[in-house]
1. When B:Glu340 is evaluated against the numbered criteria (1) within 7 Å of another protein chain (Cβ to nearest Cβ); (2) at pLDDT 95 or above; (3) out of contact with any Gly (no Cβ under 9 Å at 6 or more places or on another chain), which criterion, by number, is the only one it fails?
2. Would it be correct to say that B:Lys294 is closer than 30 Å to B:Lys221 by Cβ, within 12 Å of chain A (Cβ to nearest Cβ), among the basic types (Lys, Arg) and surrounded by fewer than 23 Cβ atoms within 10 Å (Cβ to Cβ)?
3. Does B:Asn279 fit the bill of being within 11 Å of the chain's Cα centre (by Cα) and over 25 Å from A:Pro193 (Cα atoms)?
4. Applying the selection to segment B:343-372, what residues are facing another protein chain (nearest Cβ under 7 Å) and over 21 Å from A:Leu192 (Cα atoms)?
5. Tell me which helices (runs of 4 or more DSSP H) are completely within segment A:53-154 and hold 3 or more residues being under 29 Å from A:Arg43 (Cβ atoms), or say none if there are none.
6. So is A:Gly90 modelled with pLDDT of 95 or more and in contact with a Lys or Arg (Cβ under 7 Å, 6 or more places away or on another chain) or not?
7. Somewhere in segment B:208-216, is a residue open to solvent by less than 10 Å² (accessible area, probe 1.4 Å) and either over 28 Å from B:Thr353 (Cα atoms) or part of a helix (DSSP H, G or I) (or both)?
8. Looking at the structure I just gave you, is A:Ala399 of a type outside the set (Asp, Glu) and over 30 Å from the mean Cα position of the chain (by Cα)?
Amino acid sequence: MTGRIFNIKKLIPGYPVPIALLITFRIFFGSLMFLSILRFWWRGWVTSLYIEPKFHFTYTGFEWVHPPGYWGVHLLFLLVALAAFFITVGFLYRIASIVFFAGFTYIELIDVTTYLNHYYFVSLIAFILIWLPANRNYSLDVLLWPDKTKHFVPASSVGIIRFQLALVYIFAGLAKLNADWLLHAQPMRIWLPAKTHLPIIGIYMYETWVAYLFSWFGAAYDLLIVFFLLNKKTRPWAYCLVVIFHVATAIFFPAIGMFPYVMIICSLIFFSARFHEKLLSFFPFYRSRKEILQTTGYTYRFRYGKVLLVGMGIYIFLQVLIPLRFLLYPGNLFWNEEGYRFSWRVMLMEKSGSTYFTVKDKIHQQSFEVNNAEFLTPLQEKMMSTQPDMILKYAHFLAREYKNRGVQNPEVYGEIYVALNGGRSQLFVDSSINLAAEPLTWKHYEWILPYKK
Amino acid sequence: MKKRSLIIALTVGIVVFYACKKSTSGPEPSPTPGAFDKVAMLTDYADKIIIPGYSTMQQKILALQVASDAFLAAPSTATQAAVKTAYTDVHLQYVRIAAFQFGPAETNLLDVFANFSGGLDYSFTTAGQLTGFSIDSSTIENNISSGTYDLTLMSRSSLYSQGFPAINYLFFGPNAIAKFNSNTANRVKYAKAIIARLKSLVDTVANGWTTYRSEFISNTKTNAGSPIGNLVNQFAYQIDLLKGPRIGWPFGKQSNGSLFVSKTEAYFAGISTALAIENLSALKNTFTGGGSGKGMSDYLVALNKAALNTDVLAQFDVALAKLRLVPDPLSSSLTSHSAEVDQAYKEIQKLLTLLKTDVASATAVQITFVDNDGD
C-alpha cells in the first residue's frame, strides 16, 4: 500500500538518494534568507526593533542576549546576510551555515516581541543545514575542492527536512481544531470583513459562510497537504495548491511577511530527486551525475553516522513533544498562552489588550502610574499587553526602574484588559497581586484570571 | 485508503456541521453582517466632517487675525478680550479636528506645530522640563529680542514657542499688555509671525484635502496608515492624550500626585477643561459620523457589534458628564476639584480600554503606529 506512494527503502536512514534535492534546497533557502535579511533592513526594522527600544523582553535562560549596539546590530545583520549568500553559492558552507544559524538565532533571541513561528522555523532549518552535506555538489566548495564532490546522500538528510516541514503543517492544522476556529469561524469572521477592498472577492468578505469556508479549508489544508505532497500521484496538484494557498494568504494578510514564500520554497523538498535534477539542469554550469565519470566517493556518508542518528532521534522526539507541552497547563490556552510559542500556532487568534500599571512603595504611600510609552515601543506594548510572561518581565523591569528612581521596595500592580477572538475585553490578571514579587516560572501563573466566555 | 476515508470524514463533518447549524439556528441572532459601504463611510467623513472642519478652522483663524491685529495696534483689556474670544473659538475648533492627524495634517505636522502635546513617550518628572502642554517663555522672549527665529525647527523649544502655547503666552500671559510697551516692534512682529504661521499651516492642510480626498475615500484597507486604521488609531490616541498630557499627567498620576499646573493645555487662557470636553464630544460625534448612519459606530453595528457600540457611546457620555463637573481653569481645579478630576480620569481610562481593545479588535485594526510582520 505505502509502496505505491513512495519507496519504502527511503525510510532507511542510510539509503542513498541523489544529492540534487539538497542542492536546490540549499540554493532556494539561502537566497530567500538573503533577500529576507535585505528586506528587513530596507524596511528600517533593524533600527526600530533592535536599536530604538530601551528595554528588551528576553527569553528565559537567554537573558545574556543583548543587541550589540548600533554598529554591532548592523554588523550582525551584514554577517548573517553574507552567511546566507555563502550558503546559496555553497562557499565555506559548513562555517557559513553555523554563522547563519548562530547569527539569526541570536537576533531572534534579543526580544520576545519579534517572535514569529517562521523565524523559529528558519532557525530550525538553519540548524539542520549545519549537519547536511548540501555543499557537496554544484557549489563553490566542490569547485575549489573537487574531490569533495558527492552524488548521493543518505536518505535521512532529506527526510529530516521533510519531517520538519510536515511537523509545521500538521501541528498548524491540529492547532486549528478548536471550537473558536471551527464552530465560530473566529478569528476569520473578524479579519475577513476588513478585506473588502480586495478585487472581485472583496464583496464576499462580509459573508459569514466565507469565514467558515476559510476556516475549514485552512484547517483541512494544514492537516492533509503533507500527505498529498508525499504521494507521487497527487504531488503536482498538491504543490499547485501550496502555491495558491500561500499566495492567497500573502494577499489576504500582507502582514505575515515572508512566511508564505518560506513555505512555498521549502515544500519543494517533497518532490522527487528526478524533479530536482531536472530543475537544476536549467541552472548555469550544472552537470548531471551522468555527465561526470566518477567511481569513488559516490555517496556521502556521515562521519559519526550512529551518533548523528541518535541525535536526530532526540531532535525528532523533542520537536514532537515541544508543541504538546501546552497539555501540561490548565485553563484556556489562547487566554493563558502557556506553552503557546514554538508550537506552530499561526494566525490563530485575534487578541488585544490595554495595560495600566501602577507602582507603589511598600507602605502604599506613594503611587505612580506607569506611562508604558516611556519604556516600550508601540509594538512591544502591544505584544506585552496580551502575553502573561511578557507582562511579568515588564513588571520586574518596572520594579527595578522605579527602585532606581528612589521608590522603596516598589510593588507593581497591573490593571489589564484583554479581548480574545471578538469577545469583549475582560480583566486579564489579578490586579491585587504585586507582580514584582511573582517569580518567572514554567509553572502555571495563578495570577492570570480565568477566561470567561 | 486512509486518505480517502479522511476526505470522506471531513466532507461528512462539514455537511453534518452545516445541517446542525441550520436546525439549531445558533445563539447569535444575525450571523451575516450587512454589506457595509466603507467608501460611503469615508466619503461622509471627508465631506461632512473633516473638510468642513478645516474650512471652519480657516474662517476662525481669519477672525483671530483681525482681532489680534486690532490688539497689536492698540493693546488694551478690551482688544485683549476680543482676542481671547477669537482665540478660544480657534482652539475649540482645533480640538474638534485634532483627531484627523493623517494625510495632509500628518505630512505638514500640523498638530506638532500648532498644539504640541509633548508626545506620549515623555515622563513628567520635574516641572522645568519641556513636556506635555508646556510653554517655553524663555525661548519666546529670546526670539523676540533677537528678532531672528526659524519656526520650522523641530526642536522642543521651537515647538513650545509657537502655535497655541505662544499665543497663550503673548496675548494672555503675565503682564501681556504691558510687555507690548517695550521692544514693541519685535514683539508685534513675533506675534504676527506666530498667527501667520498657524494660518499658513491650516491653509496648507485644508488645501491638501482637495487632492487627498480621493485617496482617502477610496482606500478601504484597515492596515497601518490606511484611513480606517488611522481613524481607529486616532480615537485611541486622542483618548490617550486626554488621559495623559491633557488631564492625568498635570494631575500627577505619573508623579505620585505632584501637580504640574502650568502644563495644562492653554494654561494662560485657562480653557483646558473646555478644550477637553470639546475634544471628547467631537470625538463622539466623529465616532457616530455625526449621526449620518455611515459612521464608525454604524460599521460596528454592521459587524454584529451593536452591544459594544452601545457601551462605547454610553461610556463617551459618562466620561463627558464627569468632565463637565470639573470647572475651568483646570490648573486650579486640579487641587480644588481633585475628586471630580479623578472620577473623570477613571471614566476616560474605561473609554480608552473600549476603543483601544474592543473596538480595535472588532474592526481588525492594530493599535500600533508601525508596520511589522506578524503571524
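1. Result: B:Glu340 passes all but (1).
2. no
3. Spelling it out, B:Asn279 is indeed within 11 Å of the chain's Cα centre (by Cα) and over 25 Å from A:Pro193 (Cα atoms).
4. B:Gln349, B:Leu352, B:Thr353, B:Phe369, B:Val370
5. Here the list reads A:69-89, A:93-110, A:117-131.
6. Taking the combined requirement at face value, the residue satisfies it.
7. yes
8. yes
The values are calculated or read from the model by the stated rules, or taken from the named source; none is laboratory data. What you see is a predicted model, and the numbers here were worked out from it, not measured in a lab. Counting neighbours? That spans all protein chains shown, and the Cβs are built from the backbone with ideal geometry, glycine included. Ligands, DNA and RNA are stripped out before the accessible areas are found, and what is left, the full protein with its side chains, is counted by its heavy atoms. Shrake-Rupley method; radii C 1.70, N 1.55, O 1.52, S 1.80 Å.
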